[in-house]
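What follows is calculated from the coordinates using simple rules that are stated; it is not laboratory data. Here the structure is a predicted model, which is why all the values come from computation and not from measurement. Counting neighbours? That spans all protein chains shown, and the Cβs are built from the backbone with ideal geometry, glycine included.
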There are 2 protein chains.
Amino acid sequence: MTNDADRHASKMAKKKAARDKIMATKTDKKGLVIVHTGKGKGKSSAAFGMIFRCIAHGMQCAVVQFIKGGMKTGERDLIERHFSDICAFHTMGEGFTWETQDRDRDIEMARAAWEKSKELIRDPANSMVLLDEINIALRYDYIPIDEVVTFLTDEKPEMTHVVLTGRNAKDELIEIADLVTEMELVKHPFRSGIKAQIGVEY
Amino acid sequence: MTNDADRHASKMAKKKAARDKIMATKTDKKGLVIVHTGKGKGKSSAAFGMIFRCIAHGMQCAVVQFIKGGMKTGERDLIERHFSDICAFHTMGEGFTWETQDRDRDIEMARAAWEKSKELIRDPANSMVLLDEINIALRYDYIPIDEVVTFLTDEKPEMTHVVLTGRNAKDELIEIADLVTEMELVKHPFRSGIKAQIGVEY
């Protein structure tokens, strides 16, 4: 080995020791409230990535789509085709609010999706429940934020992970969440006239 | 309908018209260079979410893991068990640099991973190639950034999507990318003593 390589090995050994020491203090396990928000891409994709991890580990899980029902997604097809025995999939919304143009109907749909979500979260057989795009329903007050916060705080089984996605997550939700990631848009191809593409966007 | 509902419907109809008009200008399709970076979570999960979308649509794709080889991930299991006919999976790294503590070996591994990546990207049968955690190898200059940028600019087939993940993406890469998302950490449960958990982190 060169001197450079020696120095690298010694630096990395120190880094590993420091990291191992920190990691040794992280011993608790608990069901997390996870929020993906921000204007960037990847909020739902990353949530589905976690759902696929659960499926891979044989952990029962469930998905409720609050808004994107109007869009046919690859994830839904894949889960319904291959993993419906381990992951329940409920599409309750009919599309974005500017597609439906009917507020009463949107509220009714959001309400039904939330009732289904509570039922799935209460079932201790589910290790993870994904509430996809619920933040949009919360933002328009189709579901009162207080009701969701109270439910997650008081009724969520201790070991169950709940993932909530969508732009403009409410402060009350961020306040009670364990893990919050904001996806920030740095560059987007729509700006140069590229349309939504199969495999990338849906 | 109430007046409120009428106002909502009219507002949303306008929003939809504006949106449809904008979307009509987005007509081009092309293979994108996509970067997921930042300190937050979800960089790899969102990338795997896109890989699962491709799989769902029957599009051939491939994954090269540059660094995380030491960690057994759920995604790899799931893809190798169910979808190996449509998605090739290559794990070339042996863990993080502070685990291996051997710079020469890390460089050799990164080099091999990059050679495999080029081969997979050149194959026009692949619609999407994910280079997972390549940014770590680029950051430590295990692979020269100029070589990667030149390859993606000059040799990537026009319709192939290439997804590059990892913290600290180099400016030269962001410069040539079509779609860049920065995952920002807002809140992390490690801070309150919670360890990495199955289904969430791996």
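Shown for B:Arg122: label points 7 Å from Cα along the beta-carbon vector, and their distances to the equivalent points in the other copies, 6.0 nm in ascending order. If you look at the Cα atoms of chain B, you get an Rg and a Dmax of 19.9, 71 Å.
Annotation for A:Asp141, label-to-label distances across the other copies: 5.8 nm (shortest first, one decimal, point 7 Å from Cα along Cα→Cβ). The same position A:Ile174 in the other copies lies at 2.1 nm from this copy, comparing label points 7 Å beyond Cα toward the beta-carbon, shortest first. Take every pair of alpha-carbon atoms less than 8 Å apart whose residues are at least six positions apart; their mean separation over the length of chain B yields a relative contact order of 33 percent.
Could you state, as a whole-number percent, how many of the C-alpha pairs of the stretch B:118-202 are farther apart than 14 Å? In whole percent, the long-distance tail amounts to 71. Angle, helix B:43-56 long axis vs. longest principal axis of chain B, Cα atoms, 0 to 90°, nearest 10? Between helix and principal axis, roughly 70 degrees. Enumerate the aspartates and glutamates that B:Lys15 could reach by cross-link, defined here as Cα to Cα under 12 Å, with residues fewer than 8 away along the same chain left out. Straight-line reach from B:Lys15, under 12 Å: A:Glu99. For the pair B:Glu80 and A:Asp20, what calculated FRET efficiency results from E = 1/(1 + (r/R0)^6), where r is the Cβ-Cβ distance and R0 = 30 Å, to the nearest 0.05? Plugging the Cβ-Cβ distance into 1/(1 + (r/R0)^6) gives 0.55.
For a 4.7 Å threshold on C-beta separation, the list of partnerless cysteines in chain B reads B:Cys87. Taking every alpha-carbon pair in the protein assembly as shown and binning the separations at 20 Å intervals from zero gives 26, 57, 16, 1 percent.
Rounded to the nearest 0.05, what FRET efficiency is calculated for B:Ile174 and A:Ala112 with R0 set to 60 Å and r the Cβ-Cβ distance? With R0 = 60 Å, the Cβ-Cβ based efficiency is 0.90.
In summary, the aspartates and glutamates within cross-link reach of A:Lys156, defined as a Cα separation below 12 angstrom excluding same-chain residues under 8 places away, comprise A:Glu119, A:Asp123. Here the simple spin-label model places points 7 Å from the Cα toward Cβ, and for A:His188 and B:Arg105 these points are separated by 4.5 nm.
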